[in-house]
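Peer 1: Input: one structure, supplied below.
The values are calculated or read from the model by the stated rules, or taken from the named source; none is laboratory data. Note that this is a predicted model, so its numbers are computed, not measured. In this analysis, Cβ positions are derived from the backbone assuming ideal geometry, glycine residues included, and neighbour counts consider all displayed protein chains. Heavy atoms of the whole protein, side chains included, go into the accessibility calculation; ligands, DNA and RNA do not. Shrake-Rupley method; radii C 1.70, N 1.55, O 1.52, S 1.80 Å.
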Amino acid sequence: MGNDADAVTQYFPPVSRAEIGGEPDAGAVAEAGSAPGSGAGRKRRFAPWEQALVALLAAVVAFGGATGNVAVAGAGALATMVAAFALPGRAPGEVGATVVAGRAPGGLKPRSVALVVGASWAVAALASLLALFFVPAGFTLTAGVLVALFSAAVVWGAMEAMSRR
């Protein structure tokens, strides 16, 4: 039976702790001037430009939804789908190591990241719907801009929180 485990693990490439976001060695921590476990040496889950892109797309979708403009909301949703498939993924060794470990590099499960980011999009959608149905017609543009800014901030904040864990 011990050979079954070897047969399964032969398909996974060997990965070092540094590649999966493990703690840095003591020398690197001393040079950085921070304590172990403080996030020094960890890779960010989302690059700043990825966060900015997703926040901008959330703002476009929210503005279109809040103003009732299906063309703007649809274009933003289409651009969001294109960006989701076009954004670069992690390196193959790092993804394999994450899947093998069952956890993301910050100790979070990948499902919890998806839930937090998804919940931020749900809050943005709810804000758009509230603005669409409860804001008077004379204030539609103002409400659309405010909802877009709010949605971008919520999505950015959720991604930043997940990126720092």
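Peer 1: Could you pull out the residue among LEU146, LEU126, LEU132 that is touching a helix residue (DSSP H, G or I) at 6+ places or on another chain (Cβ under 7 Å), at pLDDT 95 or above, assigned to a helix (DSSP H, G or I) and open to solvent by 60 Å² or more (accessible area, probe 1.4 Å)?
Peer 2: Residue meeting the stated conditions: LEU132.
Peer 1: Something else: Looking only at segment 54-72, which residues are open to solvent by less than 60 Å² (accessible area, probe 1.4 Å) and either under 13 Å from SER151 (Cα atoms) or at pLDDT below 90 (or both)?
Peer 2: VAL54, ALA55, LEU57, ALA58, ALA59, VAL60, VAL61, ALA62, PHE63, GLY64, GLY65, ALA66
Peer 1: Anything in segment 106-123 that is assigned to a helix (DSSP H, G or I) and either surrounded by 13 or more Cβ atoms within 10 Å (Cβ to Cβ) or at pLDDT below 90 (or both)? List them, or say none.
Peer 2: PRO110, ARG111, SER112, VAL113, ALA114, LEU115, VAL116, VAL117, GLY118, SER120, TRP121, VAL123
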